[in-house]
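Written out below as structure tokens is the structure these notes cover.
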């Protein structure tokens, strides 16, 4: 068994046994594998949630603006219906 595999399996106590420090440090560096799941997902989701909120607010603002413009009345002679 190589030193890196032993260090990754057992962790910091392997460093005291004289294994390479980079093998032990690799395990601590990667939070995707070692951090709790929910805070990691929230941290990754926050920028997307912000962008979706900004898009929704822009759509609401545009709809409100167009709604306040109202509907223009067509003159009777421009009506496309024959009735």
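Here, each number is a calculation from the coordinates, and none is a lab measurement. Quantities reported herein were computed from a predicted structural model and do not represent experimental measurements. Note: ideal-geometry Cβ built from the backbone for every residue, glycine included; neighbour counts use all protein chains shown.
So here's what we get for this one:
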read-out	value
Full-extension gain in nm, residue 72 to residue 43, via 0.36 nm per residue minus C-alpha separation	5.7 nm
Residues 34, 40 arranged by fewest to most Cβ contacts within 10 Å	34, 40
Segment residue 62-residue 30, length gained on full extension (0.36 nm per residue, minus Cα span)	7.2 nm
